[in-house]
Amino acid sequence: MIFVFGSNQAGRHGKGAALYARQNHGAVYGVGEGITGNSYAIPTKDYKLRTRPLDAIRESVERFLDYAIRNPELKFGVTKIGCGLAGYKEHEIAPMFKDAPTNCYLPNNW
């Protein structure tokens, strides 16, 4: 299972799910978006660790969903990206995943 987590564009995986991804799923420090180790980073913060706008996050989510569609043999465990350190509410992020393929396992109540 590929661990999908919220990151920052600089790839400083120092807190929250990003730190967990680095310590347990091989996320590479410095890789802020895309496949990294046995995980996939979706940046919810920018290079200066400021929260990214929802439209920017949506574009990153769309790139992730495209990757998941192109790799149906992989399974993706999606965390509640953007709902921790980035400060968004679930109702703001969850709709971005409404068209997720069946190989994406979304958080409960999404």
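Before moving on, here are some points about what is shown:
- Exposure here means at most 16 other Cβ atoms within 10 Å; with trypsin sites (Lys or Arg not before Pro) in a DSSP loop as sites, the longest stretch of the chain lacking them is 16-47.
- Sulfur and carbon atoms: percent of accessible area, the chain [1.4 Å]: 51 percent
- Cross-link partners of LYS80 among aspartates and glutamates (Cα-Cα below 14 Å; sequence separation of 8 or more within a chain): GLU90, GLU92
- Rolling a 1.4 Å probe over the heavy atoms of the protein chains gives the chain an accessible area of 54 Å² per residue.
- Taking only the C-alpha atoms of the stretch 1-101, the Rg (one decimal) and the largest Cα-Cα distance, Dmax (whole number), read 12.1, 35 Å.
- Taking amide hydrogens as placed 1.01 Å from N in the peptide plane, the amide H of LEU85 sits under 5 Å from that of no residue at least 5 positions away in sequence or on another chain.
- Gain upon complete extension [ASN24, THR102; 0.36 nm per residue less C-alpha separation]: 25.7 nm
- Those lysines that a straight Cα-Cα span of less than 30 Å connects to LYS75, excepting residues fewer than 8 apart in one chain: LYS15, LYS45, LYS89, LYS98
- Label sites at ARG50 and GLU62, each approximated as a point 7 angstrom past Cα along Cα to Cβ, lie 2.3 nm apart.
- CYS83, CYS104, ranked by accessible area, largest first (probe 1.4 Å): CYS83, CYS104
- Each DSSP beta bridge with both residues in the chain is either parallel or antiparallel, and the antiparallel ones are about 25%.
- Taking GluC sites (Glu not before Pro) across the stretch 1-102, the ones in a DSSP loop with at most 10 further Cβ atoms lying within 10 angstrom of their Cβ are GLU73.
- Residue order by solvent-accessible surface for LEU54, LEU85 is LEU85, LEU54, largest first, with ligands and nucleic acids left out and a 1.4 Å probe.
The values are calculated or read from the model by the stated rules, or taken from the named source; none is laboratory data. Every value quoted in this text rests on a predicted model; they were computed, and no experiment measured them. When we count neighbours, we look across all protein chains shown, and the Cβ atoms used for this are built from the backbone with ideal geometry, even at glycine. When the accessible area is computed, the model is the full protein with side chains, heavy atoms only, and any ligands, DNA or RNA have been set aside. Shrake-Rupley method; radii C 1.70, N 1.55, O 1.52, S 1.80 Å.
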